[in-house]
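The values are calculated or read from the model by the stated rules, or taken from the named source; none is laboratory data. Source: prediction; values computed, not measured. Here the Cβ positions follow ideal geometry from the backbone for every residue, glycine too, while neighbour counts run over all protein chains shown.
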2 protein chains.
Amino acid sequence: MANNAQKLDFAMSGFPEFTPEVRALEQAWLAKLARVFESYGYANIETPSVETVATLASKGEDVDKEIYALTRLAAEAGSTPKFALHYDLTVPTARYVAKHYSNLTFPFKRYQMQRAWRGERPQEGRFREFTQCDIDVIDSETVSHAFDAEMLEMAVVALTALDVGPVKFQVSNRRIMDGLASSLGLADATRLARILDKVDKLSGEQLAERLSTELALDTRAIDTCIAFCKVYGNADAISNGLDALKLDADAIGEGRDQLCTLLDRVEATRPENYIIDGDLSISRGFDYYTGVVYEARFIDFPDYPSICAGGRYENLVSSFMRRKLPGVGISIGLTRIFTKLLKEGLVTPGRKSPTQVLVANEEEGAGDTAHALAAQIRALGVNVEVLPDVARLDKQLKYANDKGIPFVWLTRDGTAFLKDMSNGTQSEIDLDSFAKRFAES
Amino acid sequence: MANNAQKLDFAMSGFPEFTPEVRALEQAWLAKLARVFESYGYANIETPSVETVATLASKGEDVDKEIYALTRLAAEAGSTPKFALHYDLTVPTARYVAKHYSNLTFPFKRYQMQRAWRGERPQEGRFREFTQCDIDVIDSETVSHAFDAEMLEMAVVALTALDVGPVKFQVSNRRIMDGLASSLGLADATRLARILDKVDKLSGEQLAERLSTELALDTRAIDTCIAFCKVYGNADAISNGLDALKLDADAIGEGRDQLCTLLDRVEATRPENYIIDGDLSISRGFDYYTGVVYEARFIDFPDYPSICAGGRYENLVSSFMRRKLPGVGISIGLTRIFTKLLKEGLVTPGRKSPTQVLVANEEEGAGDTAHALAAQIRALGVNVEVLPDVARLDKQLKYANDKGIPFVWLTRDGTAFLKDMSNGTQSEIDLDSFAKRFAES
């Protein structure tokens with residue numbers, strides 16, 4: 001990763017946009033991610049930016065108030081919005097699978113790289129409009145736990161392909177949380193998970209206070225919860241940590257086994273600069289997770305929000321159709337990763353222009369000759385342009401230089417030369433020798 | 001173009017979405033368009049989906065009422081929206097150029113392939129969310145008229161690359177309309193253009209009525225306007241048609257010359273199944289056009305809305321900054337074209353899955369062997385997948401068949417075979433011979 005700090009530019013607060021050379025890099029990233037996802041057999045889909053408010057409502061805590069609803073600018077005041085912008089890609093995919101059920105083959109493996117919107121207060125790493133790159137597999141009745149590992153493996157391969165630097169994955173399993181809740185005599189694990197999800201944001205006292213007032217837990221139970229959140233490490237560490245808590249073995253057994261099997265399995269493919277740990281403090285804010293949950297952060301920027309997250313969900317599609325279609329997926333926060341590395345100067349923007357050859361246009365009345373020559377070069381598969389109006393050569397060379405165009409084709413006394421802008425040398429050229437040279441490059 | 005009629009599927013009325021095999025085709029189209037645009041040296045940009053309401057307002061007739069504004073779902077009633085979804089890509093680009101002025105090199109040549117939103121009543125060819133593919137060039141002070149021709153040439157090359165069938169381009173120039181207005185003693189050509197833009201939708205009587213009541217034109221002037229709208233054809237036909245109207249020669253001269261030069265220039269590159277005609281009835285609804293205007297339709301579906309449109313604008317960027325930055329551009333209505341050809345069965349969807357090889361997973365406990373083999377095949381650059389749970393071979397072959405996966409790798413008594421799903425034959429294989437075969441394909 002090169003050091004090349006970029007000033008970020010925002011059209012409107014929370015709505016990032018990039019100059020062409022930065023966009024060129026973002027496009028290269030999207031192409032790399034697509035390559036990785038397709039290499040595992042995932043097909044691309046897109047869903048509308050919009051879902052009905054009914055579809056989006058009540059899938060996650062704290063999200064409703066961030067949803068952007070659509071109203072016609074000219075609509076009468078007080079009309080109830082019917083449509084809203086999606087805040088993630090998981091809920092739209094669940095709706096998509098229900099809708100297209102009879103035309104899909106299961107297991108349905110898809111990737112989706114689209115924008116999502118949240119009406120958050122913009123701050124570092126939090127945007128109102130951002131691009132997510134999601135992979136999910138959804139199957140009929142059951143989804144193999146091998147996919148829990150495949151998701152993690154693909155996320156690691158994808159982030160490695162983007163060369164984002166050292167990353168720490170934290171993995172847990174909601175069933176262990178369910179086991180904790182039932183061990184403590186709580187009927188509803190969701191409320192417990194929501195509170196423990198705040199373990200990084202609350203002090204120990206604040207956490208204890210909430211567990212006491214909201215769930216009526218006694219001091220011993222609260223201590224267990226706090227100790228639970230501190231269990232992390234490899235499969236052995238998770239097993240030993242859970243044993244020490246002396247929870248109901250039947251209640252936590254399945255979740256623990258799934259987590260430990262997964263951790264053992266992915267350890268073999270872990271890159272050197274990655275950490276993949278079990279961490280029971282991870283529960284993810286979305287209520288729809290029912291099994292494994294993942295979260296990843298930059299090791300070098302530990303306070304930066306998570307850059308990758310996901311998990312297993314059993315009942316998301318079934319809220320749209322009467323079928324059991326469980327799934328597991330992971331989401332890469334492209335905009336969040338990209339803007340951070342850009343700001344830190346850890347990535348190098350691409351070129352300002354895709355043009356490979358500028359055909360110089362110097363002779364009065366020769367515009368058509370230059371355009372005809374450009375057309376011949378373009379027919380070879382080369383990106384080529386002509387400045388439409390005759391200008392002095394130095395002005396045209398400056399244009400090529402400013403846009404990072406590598407070659408200029410110019411004519412002197414009837415002889416054509418190709419000028420290499422990287423070193424200023426020029427050599428005689430004709431279409432045939434250029435075609436040969438281009439084919440070899 | 002194959003005949004393969006598809007049932008269109010809409011998640012919500014006016015918000016199209018596609019199954020994976022149709023999306024695969026849409027992606028191939030986007031890649032082809034990007035290829036054409038980059039071959040002329042145009043760089044990709046994206047802008048946020050959202051602009052401020054102030055930016056979007058008052059750029060075109062009849063658009064304000066179709067703009068979707070954003071409000072938080074939980075916002076208090078009656079709060080004024082600050083942001084709205086863009087209804088085209090031209091206005092956002094003008095704002096983009098003003099914002100990033102000092103970081104861009106001019107002439108700034110960009111392409112943009114993004115969604116846009118209009119709160120229209122959904123009907124054939126009219127969507128609430130759709131993808132447009134725009135090319136524009138914006139320059140300082142003046143934009144060469146050679147770009148008027150380049151836009152048209154690129155649109156023709158792009159539509160030809162998509163193999164959309166016969167297309168008719170209609171080209172006019174707003175300056176001729178200005179000349180008509182001043183010849184008739186009207187101070188404001190915009191109102192005249194807006195009325196004449198409806199020439200296809202109104203009867204001759206209705207048109208005459210509006211010209212009479214709204215612009216106070218007399219019968220002779222009205223007849224001139226109606227005759228004006230009937231002028232069409234090649235450069236000679238336009239010239240002769242305008243001469244017959246006996247308008248103020250000074251007022252119409254510049255626009256006529258620009259149009260005739262353009263028509264002569266593009267005639268040389270016109271494909272056989274395309275018509276490129278001057279047509280003075282074309283004025284485009286957007287008020288910001290000031291020179292050439294383009295519009296294209298399917299010849300085979302003459303009542304279907306325009307599939308491509310654009311023109312030259314002098315003052316769009318200057319509404320965001322105190323500089324003269326005129327531009328010219330053209331927009332390809334991807335969703336409109338794609339959904340029509342799909343509905344008519346004139347395009348063939350792609351594959352349901354990008355997978356090239358399914359590694360069969362048959363032996364109990366052999367899952368890891370199959371995954372390890374898949375990883376080796378994937379490392380060759382092949383898209384490969386494994387069904388995670390052991391299943392009978394016929395079930396796995398059915399999966400490959402249903403998803404259109406061309407090859408299945410299976411093992412019999414320690415010997416590997418590659419089964420060609422297109423003809424059912426299988427042949428002995430090993431990694432080396434597969435790598436060789438794949439590299440040659």
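Kindly list the number of the only condition in (1) within 13 Å of chain B (Cβ to nearest Cβ); (2) touching a residue at least 12 places away in the same chain (Cβ under 8 Å) that fails for residue A:378.
(2)
For residues that are within 18 Å of residue A:341 (Cα to Cα) and in a loop (DSSP other than H, G, I, E, B), scanning just the stretch A:123-147, find the one that is nearest to the other protein chains (Cβ to nearest Cβ).
A:127
Just to check your reading of the model, which residue among B:195, B:226, B:252 is without any contact (Cβ under 8 Å) to a residue 60 or more places away in the chain, outside the structural domain of residue B:309 (by TED's automatic domain parsing) and buried (at least 17 other Cβ atoms within 10 Å of the Cβ)?
Result: B:195 is the single residue among B:195, B:226, B:252 that is without any contact (Cβ under 8 Å) to a residue 60 or more places away in the chain, outside the structural domain of residue B:309 (by TED's automatic domain parsing) and buried (at least 17 other Cβ atoms within 10 Å of the Cβ).
Is it the case, given these coordinates, that residue A:69 is without any contact (Cβ under 8 Å) to a residue 24 or more places away in the chain and in contact with a Ser or Thr (Cβ under 6 Å, 6 or more places away or on another chain)?
yes
Residue check: is residue A:372 more than 9 Å from chain B (Cβ to nearest Cβ) and over 25 Å from residue B:35 (Cα atoms)?
No.
Can residue A:216 be described as at pLDDT 90 or above, in the same structural domain as residue A:262 (by TED's automatic domain parsing) and at positive phi?
Yes.
Hey, among B:395, B:403, which residue is within 11 Å of another protein chain (Cβ to nearest Cβ), over 13 Å from residue A:39 (Cβ atoms) and charged (D, E, K, R)?
Of B:395, B:403, the one residue that is within 11 Å of another protein chain (Cβ to nearest Cβ), over 13 Å from residue A:39 (Cβ atoms) and charged (D, E, K, R) is B:403.
When residue A:439 is evaluated against the numbered criteria (1) hydrophobic (A, V, I, L, M, F, W, C); (2) under 14 Å from residue A:359 (Cβ atoms); (3) out of contact with any Pro (no Cβ under 7 Å at 6 or more places or on another chain), which criterion, by number, is the only one it fails?
Going through the list (1) hydrophobic (A, V, I, L, M, F, W, C); (2) under 14 Å from residue A:359 (Cβ atoms); (3) out of contact with any Pro (no Cβ under 7 Å at 6 or more places or on another chain), residue A:439 breaks only (2).
On the given criteria, is residue B:112 polar (S, T, N, Q), modelled with pLDDT of 95 or more and assigned to a helix (DSSP H, G or I)?
no
Identify, by number, the condition in (1) facing chain B (nearest Cβ under 10 Å); (2) over 21 Å from residue B:149 (Cα atoms) that residue A:361 doesn't meet.
(2)
If you scan the stretch B:135-146, which residues turn out to be in contact (Cβ under 8 Å) with a residue 40 or more places away in the chain and more than 16 Å from residue B:264 (Cβ to Cβ)?
Those that are in contact (Cβ under 8 Å) with a residue 40 or more places away in the chain and more than 16 Å from residue B:264 (Cβ to Cβ): B:135, B:136, B:137, B:138, B:139, B:140, B:141, B:142, B:143.
Kindly indicate which of B:382, B:408, B:390 is crowded, with 17+ Cβ neighbours inside 10 Å and assigned to a loop (DSSP other than H, G, I, E, B).
Going through B:382, B:408, B:390 in turn, just one is crowded, with 17+ Cβ neighbours inside 10 Å and assigned to a loop (DSSP other than H, G, I, E, B): B:382.
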